[in-house]
Amino acid sequence: MTTQTQLATAAHTSDLRKIYGSGASEVRALDGVTLDLYAGQFTAIMGPSGSGKSTLMHCLAALDTPTSGEVVVDGTTLGSLGDKALTRLRRERVGFVFQAFNLVPTLTARENILLPLTLAGRKPERDWFDLVVDTVGLRDRLGHRPAEMSGGQQQRVACARALVSKPSIVFADEPTGNLDSLSGGEVLAFLRRSVDEFDQTIVMVTHDAVAASYCDRVIFLADGKVVDELTDPTREQILEHMTELQTAALQRSGQV
Ligand code: ADP
């Protein structure tokens, strides 16, 4: 079995802080997060609402800048890059899957999948495109526009789009949040396969214990800090941890 210490680091944060406001209205969305995310793993980030999951993912994906601390993605320190270099890094080395699919409505599935490459002026690798399309089961939908597809199909297009440029890391923000459990399961199975068979690295924010149970590792946040983690977790273990964290959050806010 591969231990985490033998795995390469795909992304790293060091004492990451994101602070909104000041004085009495100060909110510490991230309060000193030091974390390694490993290559070739499927990692979930979980925690109660407001614990900092989205902020962490946005800082990791170079969609937001931290107040202090460091983010390293695929060996590059984000804070050292200007806007142009950040855009290039996002386009060439990072893939995204969002809860709301974020497809371009006027483009077909094929055009949506190829969009990151089109924008980068790159030609698709034919074999890789075919493999990705067949793995997500979209071969007979390539000419359809998003409105002609179900939510599950649209999210599979979004997954294919995230993978087509062979990114170093894929960030998925509640990718099954808008899907029924059957379609959600298909998307999660595809993400799992892309880690197992294509050696992809995926980091997913989710509040769903079933979704997180597809992962190799679950990192738990509370109040902007990493408070716990599980390796090869079961749904029951995840639920137990989430219940504890949610209860503690309610107690702290005086709601129970
Ligand atoms: P999660 O994704 O776990 O629900 P977030 O990362 O969205 O948590 O938010 C963490 C904390 O930061 C919350 O208290 C939230 O209200 C606060 N926050 C997030 N974005 C902003 C913002 N733009 N301005 C002020 N506070 C914010």
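How many Å² of accessible area per residue for the range 100-243, probe 1.4 Å?
Values: 6260 Å² over 144 residues.
Normalised by residue count, the accessible surface of the range 100-243 is 43 Å².
Rounding to the nearest 10 and keeping the result within 0 to 90°, find how far the Cα-based axis of helix 126-135 lies from the longest principal axis of the chain.
It is inclined by approximately 60 degrees.
To the nearest 10 Å², what's residue 98's accessible area with a 1.4 Å probe?
Answer for residue 98: close to 60 Å² accessible.
What share of all Cα pairs of the range 7-252, in percent, falls into each consecutive 5 Å distance bin?
For the range 7-252, the pair-distance distribution reads 1, 6, 14, 18, 19, 17, 12, 8, 4, 1, 0, 0.
For the chain, what is the charge dipole size about the Cα centre, in debye to the nearest 20, if Lys and Arg each add +1 at the Cβ and Asp and Glu each add -1 at the Cβ?
Details: 25 positive and 32 negative charges, 185 e Å.
Its charge dipole is roughly 880 debye.
For a test of the definition: using alpha carbon positions, the gyration tensor, and the 1.5 limit on a/c, classify the range 5-83 as rounded, prolate or oblate.
On the way: a/c = 2.31, a/b = 1.47, b/c = 1.58.
Since a/c reaches 1.5 but b/c is at least a/b, the shape of the range 5-83 is classed as oblate.
What part of the accessible area of the chain, given as a whole %, is carbon or sulfur when the probe is 1.4 angstrom? Please list the in-between numbers first.
Working: 5840 of 12040 Å².
Roughly 49 percent, rounded to a whole number.
The values are calculated or read from the model by the stated rules, or taken from the named source; none is laboratory data. Bear in mind the structure is a predicted one, so any value in this text is a computation, not a measurement. Virtual Cβ from ideal backbone geometry, glycine too; neighbours counted across all protein chains shown. Calculation scope for accessible area: heavy atoms of the full protein, side chains included, ligands and nucleic acids excluded. Shrake-Rupley method; radii C 1.70, N 1.55, O 1.52, S 1.80 Å.
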